[in-house]
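The values are calculated or read from the model by the stated rules, or taken from the named source; none is laboratory data. All values derive from a computational prediction rather than experimental measurement. Glycine gets a Cβ as well: all are built from the backbone with ideal geometry, and neighbour counts include every protein chain shown.
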Amino acid sequence: METICILMGGPDRMLIDGTGKKWLFEDHPYCGPVVLGKNGNPLENQPPESSSFWVAVQHWYDQGKRTHPPLCGKTWCIWDKPTMKKMRHIGGGNYVLETD
């Protein structure tokens with residue numbers, strides 16, 4: 001007897017990365033994000049590790065996977081570009097990290 005496992009992808013999401021490029025992907029609950037093509041099927045060649053998509057999607061995950069309500073039939077991801085922490089000089093070669 002053969003066992004067949006049918007898995008459906010996660011919900012489709014739209015994300016705009018730090019360069020302004022739009023990405024359609026599904027957010028699978030076990031496999032994570034999978035970039036989709038215009039036809040809605042997973043791309044055979046996913047973006048390389050150096051892609052700005054992975055930076056943006058990691059910030060989206062780190063910030064709680066916030067989304068806008070569906071707009072034009074698509075759910076858009078909300079993420080904020082992290083800001084660099086500031087160091088304050090306290091004398092000599094000493095600095096202190098400023099916190100909010």
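Does residue 27 fit the bill of being out of contact with any Asp or Glu (no Cβ under 6 Å at 6 or more places or on another chain), assigned to a loop (DSSP other than H, G, I, E, B) and in contact (Cβ under 8 Å) with a residue 12 or more places away in the chain?
When the stated conditions are applied, residue 27 does not pass them.
Please enumerate the residues belonging to segment 52-81 that are touching a residue at least 12 places away in the same chain (Cβ under 8 Å), part of a loop (DSSP other than H, G, I, E, B) and over 15 Å from residue 11 (Cα atoms).
Answer for segment 52-81, where residues must be touching a residue at least 12 places away in the same chain (Cβ under 8 Å), part of a loop (DSSP other than H, G, I, E, B) and over 15 Å from residue 11 (Cα atoms): 63, 79, 80, 81.
Could you list, in sequence order, all residues of segment 41-100 that are of a type in the set (Phe, Trp, Tyr) and touching a helix residue (DSSP H, G or I) at 6+ places or on another chain (Cβ under 7 Å)?
79
What about residue 17, is it closer than 24 Å to residue 81 by Cβ, surrounded by 15 or more Cβ atoms within 10 Å (Cβ to Cβ) and modelled with pLDDT under 95?
It is false that residue 17 is closer than 24 Å to residue 81 by Cβ, surrounded by 15 or more Cβ atoms within 10 Å (Cβ to Cβ) and modelled with pLDDT under 95.
Has segment 30-43 got any residue that is surrounded by 13 or more Cβ atoms within 10 Å (Cβ to Cβ) and of a type in the set (Phe, Trp, Tyr)?
Scanning segment 30-43 turns up no residue that is surrounded by 13 or more Cβ atoms within 10 Å (Cβ to Cβ) and of a type in the set (Phe, Trp, Tyr).
If residue 84 satisfies all but one of (1) more than 17 Å from the chain's Cα centre (by Cα); (2) in a strand (DSSP E or B); (3) aliphatic (A, V, I, L, M), what's the number of the condition it fails?
Every condition holds for residue 84 apart from (2).
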